[in-house]
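To keep things clear, I will list the structure first and then write my remarks on it.
The values are calculated or read from the model by the stated rules, or taken from the named source; none is laboratory data. On a predicted model such as this, the values are computed, not experimentally measured, just so you know. Don't worry about glycine lacking a Cβ; one is built from the backbone with ideal geometry, like all the others, and counts go over all protein chains shown.
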Amino acid sequence: MAPASSLSAWSDLDAHHESVGKTIVLKDAFKSDPKRFDKFTRKITLPADISSESKGTDIIFDFSKNLITEETLEKLVKLAEEAGVEKKRDAMFAGEKINFTEGRAVYHAALRNVSNQPMKVDGVDVMNTKGGVNEVLEHMRVFSEQVRSGEWKGYTGKKLTTIINVGIGGSDLGPVMVTEALKHYGAKYMTLHFVSNIDGTHIAEALANSDPETTLFLIASKTFTTAETTTNANTAKSWFLEKTGGKGDIAKHFVALSTNESEVTKFGIDAANMFGFESWVGGRYSVWSAIGLSVALYVGFDNFHKFLAGAHAMDQHFQKAPLKENIPAIGGLLSVWYSNFYGAQTHLVAPFDQYLHRFPAYLQQLSMESNGKTITSDGSPAKYTTGPILFGEPCTNAQHSFFQLVHQGTKLIPSDFILAAKSHNPVSDNLHQKMLASNYLAQAEALMVGKTAEEVRAEGNVPEELVPHKVFMGNRPTTSILVGGAIGPAELGALIVYYEHLTFTEGAVWDINSFDQWGVELGKVLAKKILKEIDEEGAGSGHDSSTGGLLGAFKAYGGF
Ligand SMILES: O=P(O)(O)OC[C@H]1O[C@@H](O)[C@@H](O)[C@@H](O)[C@@H]1O
């Protein structure tokens with residue numbers, strides 16, 4: 001594929017940015033076009049049988065407060081066409097090896113293919129083959145139901161009520177985020193811990209109040225070689241054996257979620273207690289796989305299945321909708337528009353939803369590990385900027401911390417706001433929900449309309465020297481996502497997949513491989529070398545003076 005900047009649609013967008021993009025004033029665009037909201041809003045409706053709403057849940061994506069005209073959208077669609085976004089999408093869904101640096105298919109969509117259409121990699125239907133998607137799902141269903149009912153017992157015959165998931169990166173962030181987001185649906189008697197950090201504090205705090213008789217460990221690692229996870233898992237195993245005086249039965253208290261059977265059995269977990277998946281599932285896309293077992297245990301398999309089904313609905317939309325109507329494609333194209341033509345460096349995602357408090361952290365990995373790349377498909381460096389820095393926090397909290405910069409800073413920060421129309425906790429007669437919604441609406445409006453010097457003066461009693469400080473430039477773009485009900489498993493699944501395919505669209509336009517992550521390797525290798533040096537005499541070798549100096553100081557202060 002040609003570099004994006006050599007496409008004619010790219011030059012066309014460059015010119016369009018000069019003539020229209022730089023001059024568009026959103027509040028005027030709304031005044032002159034009463035239909036702007038309708039024109040730029042897209043909707044997906046999730047089927048009734050999986051939704052939190054009995055008639056099915058609408059999810060509205062309002063793109064109208066973005067710096068675009070109808071012509072911009074057409075030109076962005078043209079760019080997607082020239083960049084082969086649809087072709088690449090179809091190749092992904094056809095199981096082709098689009099992860100070209102690792103020679104792998106990118107097939108996490110198969111994990112949520114609840115309509116069970118045949119999906120093949122190398123001619124094999126991954127849904128129904130032995131050890132395939134359906135078989136693992138059935139294993140997850142049986143196991144999660146046994147644990148939840150108490151049929152699966154610990155070594156002293158007690159029900160397992162504490163779940164400790166040991167994993168990092170994609171083997172942690174998805175399960176943490178989703179179990180938090182679906183807490184309303186979670187088993188109230190269960191205590192969940194997610195141990196990821198190599199910092200011993202993480203595992204120590206999780207074990208501190210856990211009872212080995214009632215604790216289930218899920219060792220979650222695609223490769224089963226990740227240093228943090230194997231170290232934490234070994235510490236957990238030693239704790240378990242020590243606390244149970246060697247009588248504890250590993251088979252009843254440890255299961256593995258992995259692709260690597262030989263490492264799993266080497267660790268001491270029976271292959272029968274392993275929930276597998278395939279190398280065509282990238283770590284950051286693995287919550288839909290066996291890595292999601294903690295979710296199934298916590299919210300029950302039926303809800304886990306709805307989560308997959310909501311995701312599948314968004315997959316089908318992405319696969320079938322024409323680009324101009326295609327919600328994730330539009331999201332991705334807007335990101336390209338801001339990154340490459342306005343020089344925006346960031347993407348803010350602010351859920352107006354406390355249950356979604358780990359959603360931005362999850363999206364950070366999804367977006368930045370996928371598109372934090374420089375090299376294009378022909379091996380040459382991109383001549384344009386790629387993955388934005390994604391960040392966020394739930395609102396209204398974020399408003400009281402970093403929103404100052406979003407409103408009045410020098411940077412353009414395209415922002416997404418997410419709200420569910422219905423709260424799971426309509427306390428104080430829905431007062432909280434109404435206040436939450438009023439902030440969701442007010443922030444997007446304020447970012448767009450801003451406040452002129454004249455408006456500041458008209459408020460009266462403002463000393464002239466303060467006027468510029470109180471001016472809001474406005475014209476700051478937002479995408480507002482409104483879930484037309486509560487956020488249940490299906491709604492959450494669809495929201496995640498919106499961001500997955502948005503990220504896909506960006507990467508497809510930028511002509512990079514969104515599916516490898518070589519950038520995490522170098523630090524791992526150096527850490528191994530330094531770990532050895534900590535136990536050796538001296539301050540290591542071959543380091544720069546800063547690294548060597550710090551290593552020496554650490555050893556001296558820490559008594560190593
Ligand atoms: O699931 P495992 O194999 O332990 O990997 C955990 C994480 O490791 C990181 O270095 C990245 O590669 C992530 O994509 C991955 O999710």
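Taking segment 265-286 only, how many residues are part of a loop (DSSP other than H, G, I, E, B) and away from the ligand (no atom under 16 Å from the Cβ)?
Final tally of qualifying residues: 2.
Six or more apart or on different chains, Cβ atoms under 7 Å: show the pairs whose first residue is in segment 363-378 and away from the ligand (no atom under 16 Å from the Cβ) and whose second is part of a strand (DSSP E or B).
T374/P381; I375/P381; I375/I512; T376/I512
Which of the following residues is among the polar types (S, T, N, Q) and at pLDDT below 95: N461, N430, N425, N439?
Only one candidate passes the filter, namely N461.
For a quick check of your reading of the model, give me the residue pairs whose first member lies in segment 226-240 and is outside any helix (DSSP H, G or I), whose second is within 11 Å of the ligand (Cβ to nearest atom) and of a type outside the set (K, R), with beta-carbon atoms closer than 9 Å and at least 6 apart or on different chains.
Listed pairs, sorted by first residue: T226/G167; T226/I168; T226/G169; T226/S171.
Give segment 517-558 a look and list any residue that's over 37 Å from the mean Cα position of the chain (by Cα) and either within 16 Å of the ligand (Cβ to nearest atom) or surrounded by 10 or more Cβ atoms within 10 Å (Cβ to Cβ) (or both), or say none.
E536, G538, A539, G540, G549, G552, A553, K555, A556
Restricting attention to segment 456-488, which residues are β-branched (V, I, T) and in contact with a Gly (Cβ under 9 Å, 6 or more places away or on another chain)?
V471, T479
Since T229 meets every condition but one in (1) under 17 Å from F275 (Cα atoms); (2) within 13 Å of the ligand (Cβ to nearest atom); (3) touching a helix residue (DSSP H, G or I) at 6+ places or on another chain (Cβ under 6 Å), which condition does it not meet?
Going through (1) under 17 Å from F275 (Cα atoms); (2) within 13 Å of the ligand (Cβ to nearest atom); (3) touching a helix residue (DSSP H, G or I) at 6+ places or on another chain (Cβ under 6 Å) one by one, T229 breaks only (3).
Residue check: is T101 more than 24 Å from the chain's Cα centre (by Cα) and of a type in the set (V, I, T)?
no
Go through D511, D516 for me and flag whichever is at positive phi and at pLDDT 95 or above.
D511
Taking segment 85-135 on its own, how many of its residues are at positive phi and in contact (Cβ under 8 Å) with a residue 60 or more places away in the chain?
2
Can we say Q319 is over 14 Å from the mean Cα position of the chain (by Cα) and within 21 Å of F63 (Cα to Cα)?
It is true that Q319 is over 14 Å from the mean Cα position of the chain (by Cα) and within 21 Å of F63 (Cα to Cα).
Does segment 179-202 hold any residues that are within 15 Å of the ligand (Cβ to nearest atom) and buried (at least 20 other Cβ atoms within 10 Å of the Cβ), and which are they?
Residues satisfying the conditions are F194, V195, S196.
Taking segment 203-225 as the search range and keeping residues that are in a strand (DSSP E or B) and under 22 Å from G282 (Cα atoms), which one is nearest to the ligand (Cβ to nearest atom)?
Here the answer is A220.
Looking only at residues that are free of Cβ contacts under 8 Å to residues at least 24 places away in the same chain and out of contact with any helix residue (DSSP H, G or I) (no Cβ under 8 Å at 6 or more places or on another chain) in segment 242-264, which one is nearest to the ligand (Cβ to nearest atom)?
Residue satisfying both the conditions and the ranking: S262.
Could you check how many residues of segment 31-63 are in a helix (DSSP H, G or I) and over 32 Å from the mean Cα position of the chain (by Cα)?
Counting residues in segment 31-63 that are in a helix (DSSP H, G or I) and over 32 Å from the mean Cα position of the chain (by Cα) gives 2.
Restricted to segment 287-323, and to residues that are more than 18 Å from P175 (Cβ to Cβ) and part of a loop (DSSP other than H, G, I, E, B), which residue is nearest to the ligand (Cβ to nearest atom)?
Applying the filter and picking the extreme gives A321.
Has segment 166-176 got any residue that is more than 13 Å from the ligand (Cβ to nearest atom) and crowded, with 22+ Cβ neighbours inside 10 Å?
The answer is no, given that none of the residues of segment 166-176 is more than 13 Å from the ligand (Cβ to nearest atom) and crowded, with 22+ Cβ neighbours inside 10 Å.
The rows are residues; the columns are (1) closer than 23 Å to F307 by Cα; (2) surrounded by fewer than 16 Cβ atoms within 10 Å (Cβ to Cβ); (3) at pLDDT 95 or above.
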site: S32; (1), (2), (3): no, yes, yes
site: D38; (1), (2), (3): no, yes, yes
site: T41; (1), (2), (3): no, yes, yes
site: K55; (1), (2), (3): yes, yes, yes
site: K65; (1), (2), (3): no, no, yes
site: E71; (1), (2), (3): no, yes, yes
site: K75; (1), (2), (3): no, no, yes
